[in-house]
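Trainee: Take this structure first; my questions come after.
The values are calculated or read from the model by the stated rules, or taken from the named source; none is laboratory data. Here the structure is a predicted model, which means the values were calculated and not measured. Heads up, the Cβs are rebuilt from the backbone with ideal geometry, glycines too, and the neighbour counts pull from every protein chain shown. Side chains included, ligands, DNA and RNA excluded: accessible areas come from the protein's heavy atoms. Shrake-Rupley method; radii C 1.70, N 1.55, O 1.52, S 1.80 Å.
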Amino acid sequence: MKISVCMATYNGEKYIREQLDSILYQLSDNDEVIISDDNSSDKTVEIIKSYNDKRIKIYKNENERGYTRNFENALEKAVGDIIFLSDQDDVWKENKVENMVRILHLYDFVVSDNIIVDENLQTLYKSHFEIYKTRQGFLNNLLLPRYVGACMAFRKEVLQKSLPFPANRKLCAHDYWISLIAELYFKVYKLDEQLLLYRRHGSNASSGGEKSKNSLSYKLKVRIYTLLHLLKRLLK
């Protein structure tokens, strides 16, 4: 089965090489790394191109700026049977691809645990699942989303059902949407194994499954908006 790793980048020169190195050696010659860059002003693109690796395909995000549209741009170009999401600043554990692909022979979507680390990869928390009490199920993740996009992998059927993303990216982030599509329509597996060093350094684009600091009214708006679009997708 062909694997597509989809990564969104923006001014990631500090960590991008370490992340790509941790990914590429786990992939076969037939796999691909689809990178969408959101108009970086640093050396991110230069570093990526320096690999001169035929598996890496880089595109400029011509859509609305921001990580959700940037990921959507990468995902639209993926041709693999299995899709992995990847941030630009983490480090994959050496058995991440093998272990998640094995599960996807039986399931459609898998989300793993991670080790939360600082910018120097020093452990802050040994288990994201434990700290944030991550639970499986549609209602659990609609009301208290704790899945981390960078820990997700899924079959192409999940991607096909997820695209296109709802128009308002502020009310429905890419990983929130994909996880709910998976929980609603497909077989989901929550893998209690830390397969990612999840780097938190103060400049992360997303909240990473942390408890939201948004107001109650905003949270309700997000959930109502998302439910309405899930209903529309159901009726397609």
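Trainee: Quick one: if the Förster radius is 22 Å, what FRET efficiency do SER215 and ALA167 give, using the C-beta to C-beta distance and rounding to 0.05? Don't skip to the end; give the middle numbers.
Mentor: On the way: r = 22 Å, r/R0 = 1.00.
Between SER215 and ALA167 the formula returns 0.50.
Trainee: What shape does segment 44-95 take by its C-alpha gyration tensor, where a ≥ b ≥ c are the square roots of the eigenvalues and a/c under 1.5 counts as rounded, a/b above b/c as prolate, and the rest as oblate?
Mentor: rounded
Trainee: Let me check I've understood the local charge: for ARG199, count other residues with C-beta under 11 angstrom from its C-beta, Lys and Arg +1, Asp and Glu -1. What total comes out? Mind showing how you got there, number by number?
Mentor: Details: positive: LYS14, ARG200; negative: GLU18, ASP87, ASP89, ASP90, ASP118, GLU119.
Result for the local shell: -4.
Trainee: Another one. GLN88: net charge of surrounding residues, Cβ under 11 Å, Lys/Arg +1, Asp/Glu -1, itself excluded?
Mentor: Numbers: positive: LYS14, ARG17, ARG199; negative: GLU13, GLU18, ASP37, ASP38, ASP87, ASP89, ASP90.
So the surrounding residues net to -4.
Trainee: Starting from the Cα of GLU98, step 7 Å along the direction of its Cβ; do the same at ASP118; then give the gap between the two resulting points in nm.
Mentor: The modelled label-to-label distance comes out at 3.2 nm.
Trainee: Which residue, SER28, SER127, SER112, tops the fluctuation ranking in a GNM of the chain built on C-alpha contacts under 10 Å?
Mentor: Among SER28, SER127, SER112, the largest GNM mean-square fluctuation belongs to SER28.
Trainee: How large is the dipole of the chain about the Cα centre if only Lys and Arg carry +1 and Asp and Glu carry -1, each at its Cβ, rounded to the nearest 20 debye? Don't jump to the answer; show the numbers that get you there.
Mentor: Details: 36 positive and 32 negative charges, 224 e Å.
Roughly 1080 debye, rounded to the nearest 20.
Trainee: Next question, about the same structure. I'd like the accessible area for LEU230: 1.4 Å probe, protein heavy atoms, all chains in place, Å² to the nearest 10.
Mentor: My reading of the accessible area for LEU230 is about 10 Å².
Trainee: Note down the relative contact order for the chain as a percent, whole number, built from C-alpha pairs under 8 angstrom at least six residues apart. If you can, show how the numbers build up before the last one.
Mentor: On the way: 420 pairs, mean separation 53.2, N = 236.
23 percent.
Trainee: Given the chain, what percent of its DSSP beta bridges are antiparallel, to the nearest 5?
Mentor: Numbers: 10 of 34 bridges.
Bridges in the chain are about 30 percent antiparallel.
Trainee: Now a separate question. Where Lys and Arg each count +1 and Asp and Glu each count -1, what net charge lies around ASN140 among other residues with Cβ under 13 Å from its Cβ?
Mentor: +4
Trainee: Sticking with this one: With springs connecting C-alpha atoms under 10 Å apart, model the chain as a Gaussian network and identify which of GLU46, GLU183, GLU72 has the largest mean-square fluctuation.
Mentor: In this elastic network of the chain, the residue with the biggest mean-square fluctuation among GLU46, GLU183, GLU72 is GLU46.
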